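Every number here is computed from the coordinates shown, using simple stated rules; none is lab data. Here the structure is a predicted model, which means the values were calculated and not measured. Backbone-built Cβ (ideal geometry, glycine too); neighbour counts: all protein chains shown.
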Amino acid sequence: CDNAKGLKAFYDAIKYGPNHLMVFGGVCATVTSIIAESLKGWNLVQLSFAATTPELADKKKYPYFFRTVPSDNAVNPAILKLLKHYKWKRVGTLTQDVQRFSEVRNDLTGVLYGEDIEISDTESFSNDPCTSVKKLKGNDVRIILGQFDEEMAVKVFCCAYDEEMYGSKYQWIIPGWYENLWWESWINSSQCLSKNLLTAMEGYIGVDFEPLSSKKTKTISGRTPQQYEKEYNDKRGDGQSSKFHGYAYDGIWVIAKTLQRAMKYLNSTNKHQKIEDFNYTNHKLGKIFLDAMNETNFVGVTGQVVFRNGERMGTIKFTQFQERKEVKVGEYNAVADELEIMNNSIRFQGLEPPKDKTIIQEELRKISLPLYSILSALTILGMIMASAFLFFNIKNRNQKLIKMSSPYMNNLIILGGMLSYASIFLFGLDGSFVSEKTFETLCTVRTWILTVGYTTAFGAMFAKTWRVHAIFKNVKMKKKIIKDQKLLVIVGGMLLIDLCILICWQVVDPLRRTVEKYNMEVCP
C-alpha cells in the first residue's frame, strides 16, 4: 500500500471534489486508520469492506468508522465457542511478533478470561519458532492457538514435526485466511521434507470470516448468495477474485439503506432539508447519517449485516486440513452466538478429540487377584496337608517309631508351619481389600504370626537337631537322656526373645501405612 498516494487522493477529493456524503473503502490498515481518525472533523461516515485490523475497533479514536468485514478479533469468540464445544479448558498460544497477530492474541486473552479456560503458556517468536514450540511441549500444552503468517506456519509445523507435536494428542488452531496450497510457496525456505510437513499439518483447524454465506435464503438484493456468486464469476471472467467482494457488495447496500433511512428521517422531521444539503460542517446531518448506519440490519450475501459499535457481527468459518486440502467443518454465527459443527466432518487423528492435558490418574498398585487366588489355593492345600500330618502324629503318638521321633516337637513344627501358611493370606490383603486403619493392624498381626510361626517351626527343628548332636558328641558313649520338656524350654526361650523384640517394636515404633509414589507410566 502506498500511504502517500492514498492520503493525497483522499485530501484532493475533499478539497477539489464535490461534497461527499460518505467514504466507502479503505483496504490498507495504515491509510484507513489515518483517514478514519480525521473523519470526525468533516462529519463523514466511513465504511470499509476490507480493513480487518483490530485497531480500528477503538470507537473513541474512530467514532465515524464502520466495516462490513469482521475484524481479525472476530475469530476469538468463535474460538471460545469451539473450545467449549470440545470441553478444552487448558490451551497455549504461539504468536508471531507482529502487531496484527499480537493484537488478536491480547484480545483472545480477554475473551478467555473468566470463562474457566486456562492459558497455561503464552509463547511468541520473531523468526525461529522452535524454542517456543519446545516450551509449549515442555508445559504439556495440547491445544495450541497460533497466530502467524504462511511463511512462519511452515517453520512452526516443521518444528512441531521434530518435537512430535502432532497426531492424536495435539490440536492446532491457526488463521484460516492462508492462500490455497500456501505451504508450497515456502517449503523450500525450510529444512523440512514435504511429507513431514504435511504429516504435522494434518488435522489443523483454520479460523477465518466466511466470504459468502452458505445459506440458500434470498438476500436484500433478491438473489441468494449462490446466485450472486455465479453472476459475479460470470462478470469477472478471468480476472482475479478477491475474498472481500461479497463484503464490498453488501457495503454498497449498507450505504444505500443508510441514505434511504436518512431521507425518510428528514422527510418526517424537516421537509425543507435534504441529504443534498450536507456539507462538512453540517454536524446535524452527519449525526443523522451516523445513527442511520448504526441501525443497519438486513440479510446480505455475507450473512446478516448488523453493526455493534461499528463492528460487523459476521459469520466465522472453521476449516480443517484433511489430506492436503481445506475442508469446511463448521461455522459460528456472531449475531446468534451459535456454533454449528457439520456432522462427521471433523476428523481427529485419534478415536476422540485430543485431551487438553496429560491426564494423571493415581492408581493403587495391588496384588494381582488371580495370583493371590492361586497362592491362597496352594496355601489351603498346604494347611490341609499339615492338618493331616498333625492328626496322624497325634493318633499314632504311642507307636514306637512315632514316639522315638518326639511327636510333641513334630506337632510344634506342624503348628509353626500352619502359622506361617496363615501369614500368606494376610500378606496378600492390600489396600484394595481393606481400609487404611485395618491395613495398619494387619501389618502388625501378619508380622507377629510369621515371626512366631517361623520360630516355633524352626526352633523345634533346631531343638531336635541339638539333641541328636548332644547325644552323639558324647565321646564316652554314656547313656544320656534329653527329654522333650528340655527341648520345649529351648523353643520357649526362643519365643520369649521374639516376643520381647516384637513388644518393644510395637511400643517404640509401631508399623504405619505409608504411600510410595512410583514414576509415571503410560497407560496401556
Would you please give the residues with an amide H less than 5 Å from that of Glu118, counting only those at least 5 places away or on a separate chain, with H modeled from the backbone geometry?
Arg90, Val91
If the label point sits 7 Å along Cα→Cβ of Glu436, residues of the stretch 497-524 with amide N under 15 Å come out as 512-517
Give me the extension gain from Thr217 to Glu352: residue separation times 0.36 nm, minus the current Cα-Cα distance, reported in nm with one decimal.
45.1 nm
Near the amide H of Lys317, under 5 Å away, which other amide H atoms are found, from residues 5 or more places off or on another chain, if H is placed in the peptide plane?
Asp208, Phe209, Glu210, Tyr332
Quickly work out the Ser102-to-Ile34 label distance, labels modelled 7 Å from Cα along the C-beta direction, and quote it in nm with one decimal.
2.2 nm
Label point 7 Å out from Ala336 along Cα-to-Cβ: which residues of the stretch 305-323 have amide N under 14 Å?
305, 314-316
FRET efficiency, 1/(1 + (r/R0)^6) with R0 22 Å, evaluated for Asn411 and Phe472 via beta carbons:
0.35
Stretchable slack from Lys403 to Glu231, in nm (0.36 nm times residue separation minus alpha-carbon distance):
50.2 nm
Go through Lys81/Lys215; Lys81/Lys355; Lys5/Lys287; Lys5/Lys61 and tell me which ones have a Cα-Cα distance over 19 Å in this structure.
Lys81/Lys215; Lys5/Lys287; Lys5/Lys61
Mind giving me the FRET efficiency for Leu502 and Lys325? R0 is 51 Å, r the Cβ-Cβ distance, nearest 0.05 is fine.
0.10
In nm, spacing of pseudo-spin labels at Ile14 and Thr281 (7 Å Cα→C-beta vector):
1.5 nm
Entries in Lys135/Lys155; Lys230/Lys325; Lys218/Lys325 that, when Cα-Cα distance is taken, lie over 20 Å:
Lys230/Lys325; Lys218/Lys325
For the chain, give the share of DSSP beta bridges that are antiparallel, in percent and rounded to the nearest 5; count only bridges with both residues there.
50 percent
Counting pairs of alpha carbon atoms under 8 Å apart in space and at least six apart in sequence, what relative contact order in percent does the chain give?
12 percent
Calculate one ³J(HN,Hα) per residue across the stretch 498-513 by plugging θ = phi - 60° into the Karplus curve 6.51 cos²θ - 1.76 cosθ + 1.60, and present them in order as whole Hz with x for glycine and proline.
4, 5, 4, 5, 5, 5, 4, 4, 5, 7, 7, 9, x, 5, 10, 7
How large is the Kirkwood hydrodynamic radius of the stretch 382-508, in angstrom, based on all distinct alpha carbon pairs?
16.6 Å
Kirkwood hydrodynamic radius over Cα pairs of the chain, then Stokes diffusion coefficient at 4 °C and 1.567 mPa s, in µm²/s:
42 µm²/s
In terms of Cα to Cα distance under 20 Å, which aspartates and glutamates are near enough to Lys264, apart from those fewer than 8 places away along the same chain?
Glu276, Asp277, Asp291, Glu295
Near Lys169, which aspartates and glutamates are there with a Cα under 19 Å away, not counting those fewer than 8 places off in the same chain?
Glu118, Asp121, Asp140, Glu202, Glu323, Glu352, Asp356, Glu521
Indicate the gyration tensor shape class of the stretch 90-139 (rounded, prolate or oblate), computed on the Cα atoms with a ≥ b ≥ c the square roots of the eigenvalues: a/c under 1.5 is rounded; otherwise a/b larger than b/c is prolate and the rest oblate.
oblate
